[in-house]
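A.B. asks: Here you go, one structure.
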Ligand code: SF4
């Protein structure tokens, strides 16, 4: 899709809106670019007129063309994006569930701006406004109980047994990374020590721990036990109310690993089926079976885990609304206390080989949305409440990822990190520390290197960035005096 802009510089939002309506047509913003035959386009312009400004959008889906104008007293982003949204809606007949919102944290916006603005300004559909409202109420207590000096610790293990075809995370498969695991763990311990020192000097209080990845249970039982022990010995954990490990791939689970986690005080784990169809698992290159999921839950229950999350994905290639409904029933019968329903990122789905071709919003606008709507009603009926929600820029059906929990089993770490309501200090490759100014809505990010190789070879820089956290907190504190 070709996007042109004249008389304004609202590129970011205009581009994002074009992607919502034309997810499989990469947006080009190039001066003097030539339109390919049948390529969609949007020409946007703002011109000075007597007493104000004239906004114009002329757009085409490759076949039909539509042009509309509006006036406003000044040059602003909202009238431009609103006009573009209206033209693209009329042109395509698509009414995006999240309206004009293209950001990652809609619940955060709802908390800051209120439901009227959510519905009337950003044109969020009734169903998504209701969903976001439910999430906001479900997380209220966790957010209100946060103290200014509270923080969560994230620990990244960027290794997986094999790589799934749709994966957008930076994770190394064990065939290539085996030799890196031990050096990585040694350096991770050093970073944990530095993070604990910095947090201690700042007077911060650890309230939750989350070991994610990758697949942390790719590690051996001994390595998992040692890592958990290191965390317990290095950080003061008397106020830590949850300790979560993402077991992720069920084919990595053994009774020894689960017992090691249980003995180390881990209270919550994730076992992620994504789908209970072996055929769909094969389509997405996820090398385990539905039987592995059932066995993994059986082992975890035997070891005594009660809080278990199961991740599912709507919009997978080769899946259908009936197939997804069957997956959900099978997963519910395994008694998880949390279920997280993701929408497949479109970029990845487009790369996957499917019998039916790519999942396009235009070609199959209803499929992913039907699955998601079914998940909302079925999980509500089963007693789950949505408690965190986030979006990515290219999701099947332009939907969302939602974490659901039975009463009393919500994972606070997920709330604080996804909603950016609390500080997270992240250690390990791919970790992103999010430092929340306790006295304003400001948030600063500190990035670790993504790949294990870089993490190992440039570890000194990682430690320097950890030290830099002190300076950022100092800046937060100076603002209030
Ligand atoms: S298990 Fe998860 S992190 Fe690992 S390759 Fe598969 S999708 Fe990616």
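A.B. asks: Is it fair to say residue 104 is within 22 Å of the chain's Cα centre (by Cα), modelled with pLDDT under 95 and in a loop (DSSP other than H, G, I, E, B)?
C.D. replies: yes
A.B. asks: Let me ask another. Could you say whether any residue in the stretch 149-159 is in contact (Cβ under 8 Å) with a residue 40 or more places away in the chain, within 20 Å of the chain's Cα centre (by Cα) and surrounded by fewer than 19 Cβ atoms within 10 Å (Cβ to Cβ)?
C.D. replies: Start the filter on the stretch 149-159 by keeping residues that are in contact (Cβ under 8 Å) with a residue 40 or more places away in the chain, which leaves 149-159.
Filter once more, so that each one left must be within 20 Å of the chain's Cα centre (by Cα): 151-159.
Now narrow it down to the ones that are surrounded by fewer than 19 Cβ atoms within 10 Å (Cβ to Cβ): none.
No: zero hits.
A.B. asks: Helices (runs of 4 or more DSSP H) wholly in the stretch 113-226 with at least 3 residues that are more than 15 Å from the ligand (Cβ to nearest atom), more than 30 Å from residue 259 (Cα to Cα) and in contact with a helix residue (DSSP H, G or I) (Cβ under 7 Å, 6 or more places away or on another chain) - which ones? Explain how you work it out, then say what you get.
C.D. replies: On the way: elements: 115-120, 126-144, 174-201.
Answer list for the stretch 113-226: 115-120, 126-144.
A.B. asks: Looking at the stretch 280-292, can you tell me whether even one residue there is more than 22 Å from residue 171 (Cα to Cα) and crowded, with 22+ Cβ neighbours inside 10 Å?
C.D. replies: First, pick out the residues of the stretch 280-292 that are more than 22 Å from residue 171 (Cα to Cα): 290-291.
Retained after the next criterion (residues that are crowded, with 22+ Cβ neighbours inside 10 Å): none.
No.
A.B. asks: If you check 87, 104, which single one turns out to be buried (at least 18 other Cβ atoms within 10 Å of the Cβ) and either away from the ligand (no atom under 16 Å from the Cβ) or outside the structural domain of residue 384 (by TED's automatic domain parsing) (or both)?
C.D. replies: On the way: 104 fails: buried (at least 18 other Cβ atoms within 10 Å of the Cβ).
From the options 87, 104, the qualifying one is 87.
A.B. asks: Among the numbered criteria (1) in a loop (DSSP other than H, G, I, E, B); (2) at pLDDT 95 or above; (3) over 30 Å from residue 189 (Cα atoms), which one does residue 379 miss?
C.D. replies: Unmet condition: (1).
A.B. asks: Does any residue of the stretch 19-36 turn out to be closer than 22 Å to residue 103 by Cβ, in contact with a strand residue (DSSP E or B) (Cβ under 8 Å, 6 or more places away or on another chain), not in a loop (DSSP other than H, G, I, E, B) and not assigned by TED's automatic domain parsing to the domain that holds residue 391?
C.D. replies: Taking the stretch 19-36 first, the residues closer than 22 Å to residue 103 by Cβ are 19-27, 29.
Restricting the remaining residues to those that are in contact with a strand residue (DSSP E or B) (Cβ under 8 Å, 6 or more places away or on another chain) gives 27, 29.
Keeping just the survivors that are not in a loop (DSSP other than H, G, I, E, B) gives none.
No: the stretch 19-36 contains no residue that is closer than 22 Å to residue 103 by Cβ, in contact with a strand residue (DSSP E or B) (Cβ under 8 Å, 6 or more places away or on another chain), not in a loop (DSSP other than H, G, I, E, B) and not assigned by TED's automatic domain parsing to the domain that holds residue 391.
Rundown of residues vs (1) out of contact with any strand residue (DSSP E or B) (no Cβ under 7 Å at 6 or more places or on another chain); (2) modelled with pLDDT under 95, yes/no style:
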position	(1), (2)
246	no, no
250	no, no
257	yes, no
263	yes, no
266	no, no
269	no, no
273	no, no
285	yes, yes
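A.B. asks: List, please: which pairs have Cβ atoms under 6 Å, are six or more places apart or on different chains, and start with a residue in the stretch 208-237 that is within 14 Å of residue 425 (Cα to Cα) and end with one that is within 16 Å of the ligand (Cβ to nearest atom)?
C.D. replies: 210/154; 210/244; 211/155; 211/245; 212/246
A.B. asks: Also: Filter the stretch 243-260 for residues that are away from the ligand (no atom under 16 Å from the Cβ), surrounded by 18 or more Cβ atoms within 10 Å (Cβ to Cβ) and under 30 Å from residue 324 (Cβ atoms) and give the result.
C.D. replies: Across the stretch 243-260, the qualifying residue is only 258.
A.B. asks: If you go through the stretch 424-440 one residue at a time, do you hit one that is buried (at least 21 other Cβ atoms within 10 Å of the Cβ), in contact with a strand residue (DSSP E or B) (Cβ under 6 Å, 6 or more places away or on another chain) and part of a helix (DSSP H, G or I)?
C.D. replies: no
A.B. asks: Which pairs have Cβ atoms under 8 Å, sit 6 or more apart or on different chains, and link a residue in the stretch 164-192 that is without any contact (Cβ under 8 Å) to a residue 40 or more places away in the chain to one that is within 12 Å of the ligand (Cβ to nearest atom)?
C.D. replies: Pairs found: 173/159; 173/160; 173/161; 173/162; 173/163; 175/162.
A.B. asks: Then there is this: Filter the stretch 392-418 down to the residues that are in a loop (DSSP other than H, G, I, E, B) and buried (at least 22 other Cβ atoms within 10 Å of the Cβ) and list them by number. Show your work before the answer.
C.D. replies: Our first condition is that a residue be in a loop (DSSP other than H, G, I, E, B); within the stretch 392-418, this holds for 392-394, 399-400, 406-411.
Scanning the stretch 392-418 gives 399, 400, 410, 411.
The values are calculated or read from the model by the stated rules, or taken from the named source; none is laboratory data. On a predicted model such as this, the values are computed, not experimentally measured, just so you know. Glycine also receives a Cβ, built like all others from the backbone with ideal geometry; neighbour counts cover every protein chain displayed.
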